Amino acid sequence: MDQSQALELLIKSQAEQIRLLTEANAKQAEQMTGLQQKIDKLLSQIAWFTRQFYGRKSEKLSRLDPNQLNLFETLEDEKKHLEEIEV
């Protein structure tokens, strides 16, 4: 094997390595994009849960509507309760 054939073989092997590395790089870039999207989604969910857990609540006990029925009482029970309060 002479020097020119050795150089051609070296060039072909390096070209194959470049092709393989380029493919691997493309796959990793695709994975990174998917992982970044997943991170963004999870951060959004964390922000929502944080707002739900620590944020202001619109349901204040001091602002209950007196005309609103209790969830576990019937209309008749509520009328009796109101009559007792008015007496």
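The values are calculated or read from the model by the stated rules, or taken from the named source; none is laboratory data. The shown structure was predicted, so the numbers you read here are calculated from the model rather than taken from an experiment. Cβ coordinates were reconstructed from backbone atoms using ideal geometry, including for glycine residues, and neighbour counts include every protein chain displayed. Please note that ligands, DNA and RNA were not included when accessible areas were found on the heavy atoms of the full protein model with its side chains. Shrake-Rupley method; radii C 1.70, N 1.55, O 1.52, S 1.80 Å.
Scan segment 1-19 for residues that are of a type in the set (Ser, Thr, Tyr) and open to solvent by 100 Å² or more (accessible area, probe 1.4 Å) and jot them down. Write out each step before concluding.
Within segment 1-19, the first condition is being of a type in the set (Ser, Thr, Tyr), and the residues that meet it are 4, 13.
Within segment 1-19, no residue meets the criteria.
Within segment 47-60, the only residue that satisfies the criterion of being in a helix (DSSP H, G or I), surrounded by fewer than 10 Cβ atoms within 10 Å (Cβ to Cβ) and either polar (S, T, N, Q) or modelled with pLDDT of 95 or more (or both) is 52.
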